[in-house]
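Contents: one structure, followed by commentary.
Values quoted throughout were computed directly from the atomic coordinates according to the rules given, and no laboratory measurement underlies them. Every value quoted in this text rests on a predicted model; they were computed, and no experiment measured them. Every residue, glycine as well, gets a Cβ built from its backbone with ideal geometry; the counts of neighbours run over all protein chains shown.
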Amino acid sequence: MSDAVRAESTDRNLVTRWWGRANTIDPRYLIAFLITLVLVAAQLRYHMLGSYDRLVVALGVCVATEALLSWFDRGKVINLLSAYISGISLTLLVKPQGGALWPFAVGGFLAISSKYVLRYRDNHLWNPTNFAVAALLLLAPDRVSVLSHQFGNDLTTNLVIWIFGLIIAARVGVLHITLTYVASFLLLNSVRALALGQPVLPEIAPITGPMYQLFVFFMITDPRTIVRGKRRQIVVAVVIAVMEALIRFASDKGWPLPTAFNVAPAFLALALVGPVAKWLDLHRRANFP
Amino acid sequence: MPYPRRPAVRRAIIAVPFLAALLVAMRLNRGPDQALGDAAHPGFVLRDETSAAGIHFVHHRPTFDPKIANIEPHVAALGASVSVADFDGDGRPDLYFTNSRFGEANALYHNRGDGTFEEVAASAGLADLNKPGEGVAMGAVWGDFDNDGREDVLVYRYGYLALFRNVDGHHFEDVTEKAGLRRWVNSNGAIWLDYDRDGLLDLYVTAYFRSDIDLWHLATTKIMHNSFEFATNGGKNLLFHNLGGGKFEDVTDKMGVGSTRWSLAAASADFNGDGWPDIYLANDYGPEELYLNQQGHGFVLTTAGLESESKSGMAVALGDAFNRGRLDAFVTNISERGYLFQNNNLRLNEMAQSHRFRNVAEGAIADAGWAWGAQFGDLNNDGANELFVANGFISADRNKDYWYAMSKIAGANGRLFEDAATWPSFGNASLSGYEPSRVYINRGVAGWVDVAKKVGATDLYDGRAVALADLSSRGAVDVIVANQNQPAVLYRDYPDTNNHWIAFKLVGTRSNRSAIGAEVVLETGNLRQRRVIDGGSGFASQNDRRLHFGLGAHEWVDRVVIYWPSGTQQVVLRPAIDRFVTITEPER
């Protein structure tokens, strides 16, 4: 065997070993790694946090709430990784008026406590961050907005996050959900644009934005709130995309929706469709095990 | 083991704070109850006396190449400006408004001294400046660049710069070519400053669109910013050194101040106390920039804490926000409830201690809608600055809102929205239109309180430039607002009469005659306040040369220190109050 062939073989073995080792890691650690990567890149390159006290408040409230409520509900403090992911996500997504910190505190508490309150058959129904962001946008639109363009509108950053996101989504086994949603988004919004006689590019442009990166890699693919079964997961992803397209159509027509629907149609679509799908899934599994 | 044992009961218990948190979010959405501090007694009223003063100026927005018709309302949303200068030397401040459509005239309002104005732009030679091939006016700044005792004026345009020399206090001569300033710059701002302290006013011009772009004959529609936060593909700002003899030299690269961010406004003062004027930039689609003057040999771009928040800087106003004897910066930004909270910045100047500015804008002052021009001024003469903020972007069809369309494009990749052709069509939609101005009074620990409605600033025009001037020399700071595509407004200030005041007219000798860049620190009792004579500030505006200080109940002034641009420090003890005081710079 030549040196070149041997080196290539060694390289391939390394990748295989790395991928094999990655398969043994709890998927939540991979997700936590990805969201941390997004946070660090966003802060180092774009100073997008605004201030570190937001991060401290959101993380602190999420972790403390999880620790307290899990102890109260289950008699033990559970793994706090999920709270960590929620805290980082909220820090990235919530954009308050002025220097207000309360949206991070209230949002953090809502995110985690929703898991303990809004339950069916011992499962929570909403992705915690999705619930908190949707609730804040609906209840406090005069004080809270959502991440819109804070990643520099930069192709390189987009690519880095998409590449890591796709690899980790594949490892976690939810890549089909991400790809289904993205394909549905592109198709449905192209159709919507053509139907309305609008240029297509602005209608599909939002998918390249940071809000959607967080959406497709952290919310819609949340292992705890997706339905069981690959086919059903694909169907739900399509339904969420359809709901979003309908919301956007209503916004196009100027229908008097709450501002939250115009600002974050994907989040609202998931907040509406996700829990219903999960409830139906849990109900079906209970009745037809 | 926690209690109780039944899960349903445990969750019911958790549901209580959960529901409470939802209610808290709803309550906090309403914001704090009004009348923090003492909003009920602002101590002044503003009366719209535009018509009574004989000011009938209406701004007209430009029209551009049909290739960008889809977003023309957005691209053409600038150009209303107002600047103050006593062009005829009669001791009374006059007003100059720019227009922005081919064939529409700029207006020069001569202050008659009886509360009324007469429009004299045509006879002065400053009216007909909006012409095909030349460009359309975006603003003007006044300064005596040749130190002959008469205020000259630079008009910046989307097009060629135009410098006019004041010939005799009534007529102006176009000296652009002779001065070496005939440059095509798509500019929204300019300031006079004497960066090398040679006694001659130099000129800093900000550029918005690239200078190779002719908005009426576009070779490409790729003219827009390539990022909503960190765009650097704007026009290159320019610094012109005044050589004397009516000549200017482009020293931009030599001095290192050629920012290509989308600068909308500049202001100059000695922020770090080294005696040399620095340059502060408010940039659209990017962070603010501070260029520190290296003793006239060049500038260094310093971070000073400004790099951490990239927003859409629209204007920069300088003032002593908390009577600390330092010039702080207020930079306006965009906020639209539900969509975007970029929040205004009130940056406290802490350059002396930490080489940084610290943003302390919170609450009402952080969100003034889509805010444009702003100025600090003591409208109630209580010894603390108020802030007047004009705002509103495009007021068109009230039932059509472009924000939803904007939210789609803003999250996209930069390459996409750099091309104007890919933007959703504006049509007749509004974008943050019909917003009332904000008038903030400073209530110390209680924060800044908006009293606009209370004091009478109630118009819903699309405000752009704000200038302050004591138009009748009566110890009151009047507010003049230039509105985009709409009539200008003059708000006369009527402060409570129980407060005292003093105002200074400075005449430079070793420094430039206009005394632009001179800083005055007034001290009396526990009151200490600094002001600067601006060569342009806010957005597309320039204030009264004369510096007005409210004194509250103080019946005397201990002392006044004047920091002249030449480096001379002058102390004046116990000047008489409730009047204008003229101070001439010592020859040596």
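Points to keep in mind about this one:
- ³J(HN,Hα), Karplus 6.51/-1.76/1.60, whole Hz, each residue of the range B:269-274, x for Gly, Pro: 6, 8, 6, 9, x, 9
- All Cα pairs of the range B:476-588, percent lying beyond 17 Å: 58 percent
- B:ALA446/B:ARG324 FRET efficiency (R0 22 Å; Cβ-Cβ; nearest 0.05): 0.80
- Residues with amide H under 5 Å from that of B:ARG559, placed H, sequence gap 5 or more: B:GLU523, B:ARG574
- Scattering profile of the range B:397-477 at q = 0.24, 0.25 Å⁻¹ [log10 I(q)/I(0), Debye over alpha-carbon scatterers]: -1.16, -1.20
- Length-normalised contact order of the range B:299-393 in % [C-alpha pairs under 8 Å, at least 6 apart]: 25 percent
- Charge tally around A:GLN198: other residues with Cβ under 15 Å, Lys/Arg +1 each, Asp/Glu -1 each, net +3.
- Derived scalar couplings between HN and Hα for the range B:322-336 equal 10, 6, 9, x, 9, 8, 9, 10, 10, 10, 7, 9, 9, 9, 9 Hz in order, rounded to whole Hz, by the Karplus curve 6.51 cos²θ - 1.76 cosθ + 1.60 (θ = phi - 60°), x for Gly and Pro.
- Shielding score for A:205-214, defined as the mean number of other chain Cβ atoms within 10 Å: 4
- 3J(HN,Hα) along the range B:89-104, derived from phi through the Karplus expression 6.51 cos²θ - 1.76 cosθ + 1.60 where θ = phi - 60°, amounts to x, 8, x, 10, x, 10, 10, 10, 10, 9, 10, 9, 10, 3, x, 8 Hz, with x in place of Gly and Pro.
- Counting only the Cα atoms, the protein assembly as shown fills a convex hull of 191 Å³ per residue.
- Reduced Cα scattering model of the range B:200-311, Debye log10 I(q)/I(0), q = 0.23, 0.24 Å⁻¹: -1.28, -1.35
- Built amide H within the under 5 Å cut-off of B:ARG326, gap 5+: B:ARG530
- Peptide B:9-21, shielding by other chains (average Cβ, 10 Å cutoff): 5
- Scanning residues 5 or more positions from B:PHE102 or on other chains, those with amide H under 5 Å from its amide H are B:THR63, with H placed 1.01 Å from N in the peptide plane.
- When peptides B:19-30, B:480-491 are sorted by average Cβ neighbour count within 10 Å, with the highest value leading, the order is B:480-491, B:19-30.
- Once you divide the Cα radius of gyration of the range B:297-370 by 2.2 N^0.38 Å, the number left is 1.16.
- Distance from the Cα centroid of the range B:327-385 to that of the range A:152-191 is 39 Å (rounded to whole angstrom).
- Values of log10 I(q)/I(0), in the order q = 0.21 Å⁻¹, for the range B:347-450 under a Debye, Cα-only, solvent-free model: -1.08
- Relative contact order (percent, whole number), the range A:78-155, Cα cutoff 8 Å, 6+ residue spacing: 35 percent
- The separation of the range B:431-486 from the range B:168-245, counted between C-alpha centres, amounts to 28 Å.
- Alpha-carbon spread of chain B, three principal axes, descending order, Å: 91, 63, 49
- Put simply, the range B:357-410 fits an ellipsoid with semi-axes of 31, 15, 8 Å; these come from the alpha carbon gyration tensor as the roots of five times its eigenvalues, largest first.
- When DSSP beta bridges are restricted to pairs lying wholly in the range B:333-456, around 90% turn out antiparallel.
- Relative frequency of Cα-Cα separations exceeding 16 Å in the range B:144-198, percent: 47 percent
- Computed Rg/Rh of chain A, alpha carbon atoms with Kirkwood Rh: 0.99
- Label-to-label distance, A:LEU179 versus B:ASP174, with points set 7 angstrom from Cα along the beta-carbon direction: 6.5 nm.
- Inter-chain shielding of B:217-230 (mean C-beta neighbours from other protein chains, 10 Å cut-off): 2
- Summary value for chain A: 17 percent relative contact order, contacts being C-alpha pairs under 8 angstrom separated by 6+ residues.
- Tail fraction, Cα-Cα pairs, the range B:494-549, threshold 19 Å, whole percent: 40 percent
- Overall Cα dimensions of the range A:206-289, principal axis frame, Å, largest first: 45, 25, 17
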